[in-house]
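Before any comments, here is the structure.
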Amino acid sequence: MTTTQESRALVVKGEGSHIFLDDNRKLLDASGGAGVVCIGYGHEKVTNAVCAQVEHVPYVPSRFFNNSPATKLTQWIKQRSKGHFVEAYYYCSGSEAMEAAIKVAYSYHIWKGEPNRKYYITRKESYHGTTIGSLAISGHLGRRSPFESILPPNVYGISACNSYRHRKQGETDAEFVSRKVDELEQAFIKLGPHTVAAFIAEPVVGAASGCLPAVPGYFKAVKEICEKHGALFIFDEVMCGMGRTGTHHAWEQEDATPDIQAIGKGLASGYQPISAILLTSKIISMKESKGAIINHGHTFQDNPVGCAAALAVQEIIENERLLPNVKEQGYRLGMLLKKNLGSHPQVGNIRGRGLFWAVEFVRDKITKEPFDPELQVAYRIRQTAMNPPHNMIVYDGQGCAGNGMGDHVMIMPAYNTTEETINSIVGILTNVIHEYFKGLKLPMKLHPKS
């Protein structure tokens, strides 16, 4: 559902976990916008850091100079990754970061003397960005379809690791992982292992599938397949990274490390537009051995104001010990969602990690049949939540069931959220879902007795 600029409400202020509209309404932001706002609105330390940097120097052309905030932020990232990442490049959006990741992966193989590695293996029901390159590696049909005829063809999609929709009855984790990894192996064989540049995935899938974690052991097995065939392993953590799942990097809970990683939304909590690609010594050593450069520059690359904001946000997350709070309140959020909504006949699955949770809706709980996309169930639930008396923001998505079908809403509050706020979020969402489906008046579905 698209809206015109004139039809959207006007935000006049943000404070803590709330935003204020020009019609005097106060909305509880339970989604951080699109999973962006991770420390709430109006944190003085960040606004002071931004203002100070603007006064000092607001722009530095990265082609000619380095700048202190970018240098300090890179050092912070290197230390917190325990040396896994050795270099970072900063951009303005997740799409730009993923575009850079695509180009760096191909460049790596050029430096290595393997120019035929032009294919990227990605997963269905995924989303990696809105630019042509990043959209091409995305598996979100709704966002791809208007531009399908102009998207590059060197992308091969395999199925997602969706336990709720893809696991066979009685299948163990190990069996499920084995079947999924075999699909990846067959993709390499079909394309020709020497033609694949990289495998790309979100450790916890965001908007396209609704906070979908992988089955334990999946990414470890995937990484082994990539290494076997000489392909790079790229994680897109634009939405799920930088603390959203309870650790700095979502992959810290996966027993698998990326060669290249993209980060974004939670990096600066929306105080400035900033994203990044993080590179390992594997990439940088190859680059330096050839005397090469990263041939991907942006006007606002390594912007000092954005980097100053990001560093301030990350220091707040660390100094205020917010990652333990993400785990604690995330556990409570998941528990309450399942308690309050798990038995609802139109709630098919509740899933997530940290403060990154989603509720998937189904036409039929037994068969997992999704709703007709024309009903726009998730969008209408989001609109119901935003309207009085509920006055709360959740993030809606469509396509999680595959083939453009499946509705979900996502709950992604700030890392400094409280038990009281979590209780309010779940209470309001519960009322919204009951209200919406009561008004939908679905005809009863009959199932044959087994």
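The values are calculated or read from the model by the stated rules, or taken from the named source; none is laboratory data. Since the model is a prediction, treat every value here as computed from it, not as a measurement. Cβ: placed from backbone, ideal geometry, glycine included. Neighbour counts: every protein chain shown.
Here are the numbers:
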item: Residue list for segment 17-47, filter: out of contact with any Pro (no Cβ under 8 Å at 6 or more places or on another chain), within 13 Å of residue 414 (Cβ to Cβ) and buried (at least 16 other Cβ atoms within 10 Å of the Cβ); result: 18, 19, 28, 35, 36, 37, 38, 39, 40, 41, 43, 46
item: Residue under evaluation residue 115, criteria (1) of a type outside the set (D, E, K, R); (2) touching a residue at least 12 places away in the same chain (Cβ under 8 Å); (3) over 17 Å from residue 260 (Cβ atoms), criterion not met; result: (2)
item: Test result for residue 128, touching a Ser or Thr at 6+ places or on another chain (Cβ under 6 Å) and in contact (Cβ under 8 Å) with a residue 24 or more places away in the chain; result: yes
item: Some residue of segment 160-173 being in contact with a Phe, Trp or Tyr (Cβ under 6 Å, 6 or more places away or on another chain) and under 22 Å from residue 238 (Cβ atoms); result: yes
item: Tally, over segment 112-132, of residues that are of a type outside the set (Ser, Thr, Tyr) and within 20 Å of the chain's Cα centre (by Cα); result: 7
item: Qualifying residues in segment 373-427 (those that are in a helix (DSSP H, G or I) and among the acidic types (Asp, Glu)) - the one surrounded by the most Cβ atoms within 10 Å (Cβ to Cβ); result: 419
item: Residues located in segment 158-199, provided they are among the hydrophobic types (A, V, I, L, M, F, W, C), surrounded by 14 or more Cβ atoms within 10 Å (Cβ to Cβ) and in a helix (DSSP H, G or I); result: 176, 177, 181, 184, 187, 188, 191
item: Some residue of segment 286-303 being in a helix (DSSP H, G or I), among the aliphatic types (A, V, I, L, M) and crowded, with 23+ Cβ neighbours inside 10 Å; result: no
item: Pairs where the first residue, in segment 358-369, is farther than 21 Å from residue 211 by Cβ and modelled with pLDDT of 95 or more and the second is exposed (fewer than 15 other Cβ atoms within 10 Å of the Cβ) and of a type in the set (Lys, Arg), C-beta under 6 Å, 6+ apart; result: 364/445
item: Any chance residue 245 is of a type in the set (S, T, N, Q), assigned by TED's automatic domain parsing to the domain that holds residue 102, under 12 Å from the mean Cα position of the chain (by Cα) and in a loop (DSSP other than H, G, I, E, B); result: yes
item: Candidate set: segment 133-171, residues that are over 17 Å from residue 208 (Cα atoms) and aliphatic (A, V, I, L, M); chosen: the one farthest from the chain's Cα centre (by Cα); result: 150
item: Test for residue 58: is it of a type outside the set (A, V, I, L, M), at pLDDT 95 or above and part of a helix (DSSP H, G or I); result: no
